[in-house]
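Written below as structure tokens is the structure these notes are about.
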There are 4 protein chains.
Amino acid sequence: MKKIAVVYYSKSGNTKKMAEFIVEGAKRNPDVQVDLESVENFPLEKTLDYDGLIVGSPTYYGSMAYQIKLFFDNSVKFHRKLSGKVGAAFSSAANIGGGNETTINSILNAMLIHGMIIQGNCKGDHYGVVSIGQPDDRVKDQCGELGERTSFLVKRL
Amino acid sequence: MKKIAVVYYSKSGNTKKMAEFIVEGAKRNPDVQVDLESVENFPLEKTLDYDGLIVGSPTYYGSMAYQIKLFFDNSVKFHRKLSGKVGAAFSSAANIGGGNETTINSILNAMLIHGMIIQGNCKGDHYGVVSIGQPDDRVKDQCGELGERTSFLVKRL
Amino acid sequence: MKKIAVVYYSKSGNTKKMAEFIVEGAKRNPDVQVDLESVENFPLEKTLDYDGLIVGSPTYYGSMAYQIKLFFDNSVKFHRKLSGKVGAAFSSAANIGGGNETTINSILNAMLIHGMIIQGNCKGDHYGVVSIGQPDDRVKDQCGELGERTSFLVKRL
Amino acid sequence: MKKIAVVYYSKSGNTKKMAEFIVEGAKRNPDVQVDLESVENFPLEKTLDYDGLIVGSPTYYGSMAYQIKLFFDNSVKFHRKLSGKVGAAFSSAANIGGGNETTINSILNAMLIHGMIIQGNCKGDHYGVVSIGQPDDRVKDQCGELGERTSFLVKRL
């Protein structure tokens, strides 16, 4: 059975809420196991067990929070071993134009450097889901779609 | 007297409306002349006459519209002559997370490659002003602030 | 039979040379048809016939040349129809630090906005292949790898 | 007297060497005091004392090392107080196309979010200086230029 981890750092709870919506969406595909993990409690070694990794961070100064960056910097010990896995990203931010897209792209860039496979969304939030403040219905829908799409991509590969 | 040009491409009218709000903001500094220019009618040579350039584009596939890109590609004939001038950027987009920040950053990157000077905004739209759909009051305020801040930076330098 | 198009714009010939190396690499997979296309002679409609699209541009002011941007801006008429296809990017530049990564990322961003699937390289040029000046042996190897990897990803999907 | 801090994180010594070259360049302007600081020993509060901040990081997974990200994340306690200061960035990387430009841009984005003022270089490394492996003569020159240019911009403002 294919497996996805949704890994997040959250301080206000907004990014965690998004992670939960993404888990719901990913579970629409019954052939994939989906786990929700706080980055602080997620042993790096477990990364190797997953076929897909969906990573979320608040928007702090235009790139992923240092807690998430620490995770990626430490992942160098598994370099080349994540190649070919599927990745996706999401972020919560305080403002429109507040650095949310560059935060998502900082996560996607780290995934590409690992040789991972990512897919955009031709509708809505193209690079990954963005919440401005607390997740609303629009964000819930986009999170569901991200989880579901990633889950099906993992299954296909 | 110092001079700023607000140069835009607009199809739906949203980017043009933003440009007009920015002109209003820039004129709050009476010591700076501010001109509004459609990129299609703006002779490239005139760029040299200005101390500051504020450039706006709709968000098309995550970077500036080709009409604006054509303007920058042609500006290679003035390479090194724009160094030290002040730059700023803005964009209108259809969706949150729709590529607006990467569009603004594509313009700022072109300006940095020309050796231009740019400033972020510690409040609101950090890299440059983003409108989701038609400009609302939030966008009007941010545009006014961008124009005014750029105008005062041009004056200081 | 799956099909890949390598689409480029080239003025000096450097980007074209890279495109040719990528075609060679992609042809290592005998199950995939690979076509080399100059963007100026490539009818937009043909995009729909391909399973993978590898796009190259010189580095002009930190994003894709306007000839390539025009191609993507026009592709809006096929929006949603490219979703799920595979994409990759490459660029030639004059200098290290000269805007080559941001050029490649401007192409990848456009592909993500189309809903396309991209993969990074955990070795060498992570986002896409970069040539500084004329393609050398390092670039030839990286181009071959990019073509081959993309070709196998197209086959898998 | 105006003051600049060159703040770096370095593991291999390459980024530190670049920092030293930048300090030399900045000191060509006798009217500006220039301090070299390792990020791990640099009290965040001291940031407020400087008119310019030049920040360097190795290229780790396409954005600044977490040690530098921690510095920026903590700097939120001074948000709005760095607005109007001058910023610049540099990075060392293992490979061409290895994520160096996106690393530099992750630092510049953080500076823009603080409201800082940055300038590109119309010659050579446009966004900030990149070293591929150990700094060579090209990198030494570019570092000198970055330090000198930043120093004169700090003086002008």
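Every number here is computed from the coordinates shown, using simple stated rules; none is lab data. Values in this document were obtained by computation on a predicted structure and should not be read as measured data. Every residue, glycine as well, gets a Cβ built from its backbone with ideal geometry; the counts of neighbours run over all protein chains shown.
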| task | Determine the percent antiparallel among the DSSP beta bridges restricted to the protein assembly as shown, to the nearest 5. | result | 10
| query | Along Cα→Cβ at 7 Å, what distances in nm separate the residue A:20 label point from those on the other copies, shortest first? | reply | 4.5, 5.4, 5.9
| message | Rounded to the nearest 20 debye, what is the charge dipole size of region B:2-156 about its Cα centre when +1 sits on each Lys and Arg Cβ and -1 on each Asp and Glu Cβ? | response | 360
| message | Can you say what percent of the DSSP beta bridges in chain D, counting only those with both residues inside, are antiparallel? Round to 5. | response | 5
| request: Count, for each residue of D:131-139, the Cβ atoms from other chains sitting within 10 Å of its Cβ, then give me the mean as a whole number. | output: 1
| request: Distance check, please: which entries in B:85/B:155; B:155/D:123; B:11/B:123; D:3/D:46; B:2/B:77; A:85/A:140 exceed 19 angstrom between their Cα atoms? | output: B:155/D:123; B:11/B:123; B:2/B:77; A:85/A:140
| So, counting K/R as plus one and D/E as minus one, what does the shell of residues with Cβ under 10 Å around residue C:121 add up to? | 0
| What percent of all Cα-Cα pairs in the protein assembly as shown falls in each 20 Å bin, counting up from 0? | 22, 58, 20, 0
| field | Furthest towards positive pole of dipole, B:67, B:98, B:139, structure part region B:53-141, Cβ charges | value | B:67
| field | 10 Å Cβ neighbours from other chains, averaged over peptide C:88-100 | value | 5
| Whole-angstrom gap from region B:32-60 to region C:1-64, using each part's C-alpha centre | 34
| remark: Averaged over the residues of C:71-82, the number of partner chain Cβ atoms within 10 Å of each residue's own Cβ comes to 2
| query | Over region C:39-157, what lengths in whole Å, largest first, do the semi-axes of the equivalent ellipsoid take, defined as the square roots of 5 times the eigenvalues of the alpha-carbon gyration tensor? | reply | 22, 18, 12
| query | What span do the alpha-carbon atoms of region C:1-100 cover on each of the three principal axes, reported in whole Å from largest to smallest? | reply | 39, 33, 22
| remark: Given unit charges at Cβ for Lys, Arg (+) and Asp, Glu (-), the dipole magnitude of the protein assembly as shown about its Cα centre in debye, nearest 20, is 0
| Residues of type aspartates and glutamates that residue A:17 reaches as a straight line, Cα spacing below 16 Å, ignoring anything fewer than 8 places off in the same chain | A:35, A:37, A:136, A:137, A:141, A:145
| task | Send over the Kirkwood Rh of region C:38-93, from the inverse of the averaged 1/r over different Cα pairs, rounded to one decimal Å. | result | 12.0
| message | Largest first and in whole Å, what are the equivalent-ellipsoid semi-axes of region C:1-49 based on the Cα gyration tensor, each being the root of 5 times an eigenvalue? | response | 19, 16, 4
| said: What is the sum of charges, Lys and Arg at +1 and Asp and Glu at -1, for the other residues whose Cβ falls under 14 Å from the Cβ of residue C:135? | reply: -3
